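S.K.: Here it is, the structure, as C-alpha cells.
The values are calculated or read from the model by the stated rules, or taken from the named source; none is laboratory data. Every value quoted in this text rests on a predicted model; they were computed, and no experiment measured them. Note: ideal-geometry Cβ built from the backbone for every residue, glycine included; neighbour counts use all protein chains shown. Surface accessibility is based on the protein's heavy atoms, side chains included, excluding ligands, DNA and RNA. Shrake-Rupley method; radii C 1.70, N 1.55, O 1.52, S 1.80 Å.
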Amino acid sequence: MSAQPGEKLTEDDRRAYEDVRRVYDKLGDDSRYAKTQQWLIANYGIALLAAIFAFGHGTAGTFCRVALGGLAGLTGIVACWAICGVQRDLIKYREWTDELLGRKGDRIPTSARIDPRVAEMLYEGYRTYWTVDLSLVLLAVVVIATVLVAGDLFFATR
C-alpha cells in the first residue's frame with residue numbers, strides 16, 4: 001500500500017526515514033571529504049615533484065640528480081598509492097549507501113517516499129558517478145608528471 005500525497009507519516013515511518021537520512025547525509029559528507037583529499041594528494045604530489053625538479057636543476061652533481069630522480073619516482077608512487085586508497089574508501093561509501101537505501105529504495109518506508117527529499121536521496125543514490133573516471137585522471141596526471149621529472153633528472157645531459 002502506497003501513501004498518497006498529503007498523507008501523514010506514521011511515527012515508525014518518520015523515525016525510519018530520519019535514521020536513513022542521517023546516515024545517508026553522513027556518508028555523503030564522508031564521500032565529499034574523501035574526494036577533496038584526492039585532489040589535495042594530487043596537488044601536493046605535483047608541487048613536490050616541481051620542487052624536486054627545480055632543486056635537481058640547481059645541483060651540479062650527477063649523483064645528486066640521480067638521487068633526486070629516485071625521490072621523484074618514490075613521490076609519484078606514494079601519491080598514486082594514496083589516491084587509490086582514498087578511491088577504495090569512496091567505493092566502500094558507495095556500497096554502504098546502496099545497502100542503506102536497499103535496491104531501488106525499498107528500505108525506505110513507502111509512506112516516506114512521497115517526501116521530495118526522499119526522491120532526491122533515491123536519485124542521488126542510483127545515478128552514475130564520475131568519481132572513478134576523475135580518479136583515473138588524477139592518477140594519470142601524477143604518473144605523467146613523475147615520469148617527466150624522474151626521466152629528466154635521470155637522463156638529462158648537461
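S.K.: Look at Ala42 and say whether it is open to solvent by 40 Å² or more (accessible area, probe 1.4 Å), at pLDDT 80 or above and part of a helix (DSSP H, G or I). Even if it seems obvious, please write down each step before you answer.
M.R.: On the way: open to solvent by 40 Å² or more (accessible area, probe 1.4 Å): no; at pLDDT 80 or above: yes; part of a helix (DSSP H, G or I): yes.
Considered against the rule, which asks whether it is open to solvent by 40 Å² or more (accessible area, probe 1.4 Å), at pLDDT 80 or above and part of a helix (DSSP H, G or I), Ala42 comes out as no.
S.K.: Of the residues Gly105, Gly70, Gly58, which single one is at pLDDT 90 or above and not polar (S, T, N, Q)?
M.R.: Gly70
S.K.: Does any residue of the range 115-124 turn out to be among the small types (Gly, Ala, Ser) and either modelled with pLDDT of 80 or more or open to solvent by less than 40 Å² (accessible area, probe 1.4 Å) (or both)? Explain how you work it out, then say what you get.
M.R.: Step one: list which residues in the range 115-124 are among the small types (Gly, Ala, Ser), which gives 119.
Applying the additional criterion that residues be either modelled with pLDDT of 80 or more or open to solvent by less than 40 Å² (accessible area, probe 1.4 Å) (or both) yields none.
The answer is no; no qualifying residue exists.
S.K.: Anything in the range 60-86 that is among the polar types (S, T, N, Q) and closer than 20 Å to Ala145 by Cα? List them, or say none.
M.R.: Passing the criteria: only Thr75.
S.K.: If you don't mind, there's one more thing I want to ask. If you check every pair at least six apart or on different chains, which have Cβ atoms under 8 Å apart with a residue in the range 140-157 that is part of a helix (DSSP H, G or I) first and a residue that is charged (D, E, K, R) and surrounded by 13 or more Cβ atoms within 10 Å (Cβ to Cβ) second?
M.R.: Leu153/Arg65; Phe154/Arg65
S.K.: Examine the range 47-66 for a residue that is in contact with a Phe, Trp or Tyr (Cβ under 7 Å, 6 or more places away or on another chain) and assigned to a helix (DSSP H, G or I), and state whether such a residue exists. Steps first, answer last, please.
M.R.: Quick first cut of the range 47-66, residues in contact with a Phe, Trp or Tyr (Cβ under 7 Å, 6 or more places away or on another chain) only: 66.
Subset that is assigned to a helix (DSSP H, G or I): 66.
Checked the range 47-66: at least one residue is in contact with a Phe, Trp or Tyr (Cβ under 7 Å, 6 or more places away or on another chain) and assigned to a helix (DSSP H, G or I).
S.K.: What single numbered condition from (1) surrounded by 12 or more Cβ atoms within 10 Å (Cβ to Cβ); (2) charged (D, E, K, R); (3) at pLDDT 65 or above fails to hold for Glu95?
M.R.: The failed condition is (1).
S.K.: Against the condition more than 30 Å from Gly61 (Cα to Cα), among the hydrophobic types (A, V, I, L, M, F, W, C), modelled with pLDDT under 85 and open to solvent by 40 Å² or more (accessible area, probe 1.4 Å), how does Ala112 come out, does it pass?
M.R.: Spelling it out, it is not the case that Ala112 is more than 30 Å from Gly61 (Cα to Cα), among the hydrophobic types (A, V, I, L, M, F, W, C), modelled with pLDDT under 85 and open to solvent by 40 Å² or more (accessible area, probe 1.4 Å).
S.K.: Here's a follow-up. Between residues in the range 1-25 that are at pLDDT below 70 and residues that are of a type in the set (Gly, Ala, Ser) and part of a helix (DSSP H, G or I), which pairs lie under 7 Å by C-beta distance while being six or more apart or on different chains?
M.R.: As it stands, the answer is Ala3/Ser111; Glu7/Ser111; Leu9/Ser111; Leu9/Ala112, since those pairs meet every condition given.
S.K.: Which of the residues belonging to the range 67-90 are open to solvent by 60 Å² or more (accessible area, probe 1.4 Å) and either among the hydrophobic types (A, V, I, L, M, F, W, C) or in contact with a strand residue (DSSP E or B) (Cβ under 7 Å, 6 or more places away or on another chain) (or both)?
M.R.: Answer for the range 67-90, where residues must be open to solvent by 60 Å² or more (accessible area, probe 1.4 Å) and either among the hydrophobic types (A, V, I, L, M, F, W, C) or in contact with a strand residue (DSSP E or B) (Cβ under 7 Å, 6 or more places away or on another chain) (or both): Leu71, Leu74, Ile77, Val78, Trp81.
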